[in-house]
Amino acid sequence: MSIWVIFTLLGSLALLMFGMKTMSEALQKMAGPQLRHVLGAMTTNRFTGMLTGTLVTASVQSSTATTVMTVSFVNAGLLTLAQAISVIMGANIGTTLTAWIMSAGMSFNIGDLAYPAFLIGIILIYQKKHRYIGDFLFGLAFLIFALATLRATGTEMRLGENPAVLDFFASFSYNPNVDSILKLYGTTFLFLLLGGILTFCVQSSAAVMAITMILCSSGALPIYQGIALVMGENIGTTVTSNLAALSANTQARRAALAHMFFNVFGVIWILFVFRPFIDMVCGWVGYDVAMTKNTAGAAAFLANAAKLSFVLAAFHTSFNVVNTFILIWFIPQIERFVCWVIKPKKVDEEEDFRLHFITAGFMKTPELSVLEAQKEIQSFSERMQRMFGMVRELLTLSSSSNSKKDSQAGDFNKLYTRIEKYEGISDNMELEIANYLNNVSDAHLSDDTKAKIRAMLREVSELESIGDACYNMARTISRKYNGKEDHFIERQYDHLHQMMELTDQSLTQMNRLMGGRKESFDVNRTFNIENEINNYRNQLKTQNITDVNNHAYTYAVGTIYMDLINECEKLGDYVVNVVEARMGTRQKDV
């Protein structure tokens with residue numbers, strides 16, 4: 001085998017992986033939002049969830065994309081973990097379509113179809129309206145071209161006519177008349193482990209499937225060892241997702257473990273009916289298991305071996321269908337098992353700087369990563385309202401009389417420390433979410449998604465400003481509490497609480513928008529509250545000048561008082577900015 005043939009083989013595998021990736025991303029750009037809505041609407045029970053997972057995965061040609069969407073819905077509370085498991089089962093069936101596409105490419109000369117696809121694709125790419133279809137056709141053309149090259153390379157290598165290769169794989173074959181049953185299972189476990197390791201190393205089950213098809217269809221690799229490789233691929237791809245989920249949240253790790261459990265369980269039961277099940281699949285395809293080169297001749301042997309790519313695809317599909325049929329009745333038990341294995345992390349929320357929804361391991365699907373970031377921003381928004389609630393509580397503690405001040409000093413200082421920690425959290429969340437969105441924006445994205453990312457970057461910036469405003473108010477209250485200035489008079493406390501109530505209403509409206517659909521949100525309510533805050537600030541500013549002139553309180557107290565009022569008004573402006581970024585509109589446009 002020449003070095004050029006090896007490079008051709010490896011280059012074709014790389015082109016195959018790139019074509020699959022390009023196709024998947026193009027389909028996600030075209031149908032990402034619609035597929036998310038389908039996932040949310042069609043998972044009412046375990047069977048519709050399984051069917052939905054199958055259809056969505058077959059559509060986007062990526063079980064990873066389906067898993068990301070599913071986990072994000074679980075995090076959002078839109079799906080239960082049990083529903084997510086049913087979708088993941090369906091995703092395992094949907095991903096077998098890839099094997100059928102590859103088997104067709106290995107069995108028929110479809111290489112000539114790549115060139116028209118390249119031509120039409122490049123024309124559509126330069127037409128802005130249809131460029132995602134062009135991207136899809138380009139990915140499909142790369143896939144077809146890679147399969148045709150792999151097929152030609154496999155034929156050129158003549159592995160089925162190479163005595164050394166045949167003798168090597170023949171040494172692993174099982175003869176029931178001579179060998180013990182231990183050799184059968186030992187060989188099967190060896191190839192199963194090899195398939196898992198290869199898939200883990202190249203991070204692509206499609207590439208390992210292509211190698212397996214070349215070896216089998218050339219007559220070099222016996223079908224039993226080839227199918228053991230396929231089973232290993234099924235486990236290898238779940239190892240990758242479990243390692244990626246180690247840094248993720250609890251629900252993501254549970255979903256990844258459920259995926260691994262599904263595949264490992266399938267491999268265990270198939271080992272008990274290994275040869276009968278494979279012989280049954282071979283009968284469906286018309287492959288003669290007993291045929292050898294010595295008994296049938298080289299031509300008939302190679303013609304029979306050419307059917308093996310379809311045998312592999314048929315086994316892959318039937319294995320996952322039967323496995324799903326067995327396990328779909330035990331989803332509640334699987335859910336309890338993964339929840340028992342993976343306990344939620346016990347962390348103090350104030351000390352927890354890690355993002356909850358964004359998972360760096362799922363950056364393979366940038367279009368869908370935007371949904372993860374949106375959930376993180378929603379969590380950020382809710383955290384900022386909790387921080388403002390602490391500021392309101394701090395103001396209440398600061399209004400205590402001198403007799404109670406000493407006894408409540410500990411509570412005041414503890415609450416102020418919590419607010420300080422929240423301010424640090426807000427800074428970290430802004431940086432981490434912004435960095436994540438910048439990484440996502442480096443990928444090829446649709447125009448709508450690019451616009452969403454720009455809006456989300458503005459949202460996190462304004463939310464961090466809300467955190468700064470809350471911290472500024474807390475510092476002002478602390479400075480007054482620990483200083484020598486007089487207390488606010490009762491009327492000032494009433495005005496401050498009323499202003500903070502209006503501000504809290506605006507934060508509530510903002511969180512209602514961040515957690516729901518913007519089509520059903522009344523943006524005028526937010527703008528009306530902001531106008532009320534502005535008018536009330538102006539009214540209190542005028543009254544403050546009058547009260548200082550009438551010696552109702554000192555100028556220093558009046559300055560601190562107006563600092564808090566003005567900070568509330570600024571906070572209201574930041575809320576409006578967040579709402580405008582989310583809605584894609586401005587106050588003057590409404």
Length added when fully stretched, Asn438-Asp468, from 0.36 nm per residue minus Cα-Cα | 8.5 nm
Across the alpha-carbon set of region 461-590, Rg over Rh with Rh taken as the Kirkwood radius works out to 1.04
For Asn534 and Asp288, calculate 0.36 nm times their separation in residues minus their Cα-Cα distance, and state this gained length in nm to one decimal.
-> 80.2 nm
Heavy-atom accessible surface of region 470-590: percent carbon and sulfur, 1.4 Å = 43 percent
Exceeding the 30 Å Cα-Cα cut-off - candidates Lys375/Lys421; Lys375/Lys480; Lys21/Lys129; Lys375/Lys570; Lys29/Lys518 | Lys375/Lys480
Can you sort Met583, Met20 by 1.4 Å-probe accessible area, starting with the largest?
-> Met583, Met20
Probe 1.4 Å, protein heavy atoms only - accessible area per residue of region 487-590 in square angstrom = 49 Å²
Ranked highest first by the average count of other Cβ atoms within 10 Å around their residues, in what order do 557-567, 223-233, 95-105 fall?
-> 223-233, 95-105, 557-567
Between Thr546 and Arg458, what FRET efficiency comes out of the Förster formula 1/(1 + (r/R0)^6) with R0 = 41 Å and r the beta carbon distance, rounded to 0.05?
-> 0.55
Evaluate the distance, in nm, between pseudo-label points positioned 7 Å from the Cα of Val264 and of Arg525 along their respective Cα→Cβ axes.
-> 4.8 nm
For peptides 515-527, 488-500, 568-580, sequence by mean Cβ density within 10 Å, most packed first | 568-580, 488-500, 515-527
How far is it, in nm, from the label point at Trp340 to the one at Thr396 when both lie 7 Å from their Cα along the line to the Cβ?
-> 4.4 nm
What is the spin-label model distance, in nm, from Lys518 to Thr559 if the labels are put 7 Å beyond Cα along the C-beta direction?
-> 4.2 nm
When ranked by the protection proxy of mean other Cβ atoms within 10 Å per residue, highest first, what sequence do the peptides 372-385, 127-140 form?
-> 372-385, 127-140
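The values are calculated or read from the model by the stated rules, or taken from the named source; none is laboratory data. These figures come from a predicted structure and were not determined experimentally. With ideal geometry, Cβ positions are generated from the backbone for all residues, glycine too; neighbour counts draw on all protein chains shown. Remember, those area values only see protein heavy atoms, side chains included, never the ligands or the DNA or RNA. Shrake-Rupley method; radii C 1.70, N 1.55, O 1.52, S 1.80 Å.
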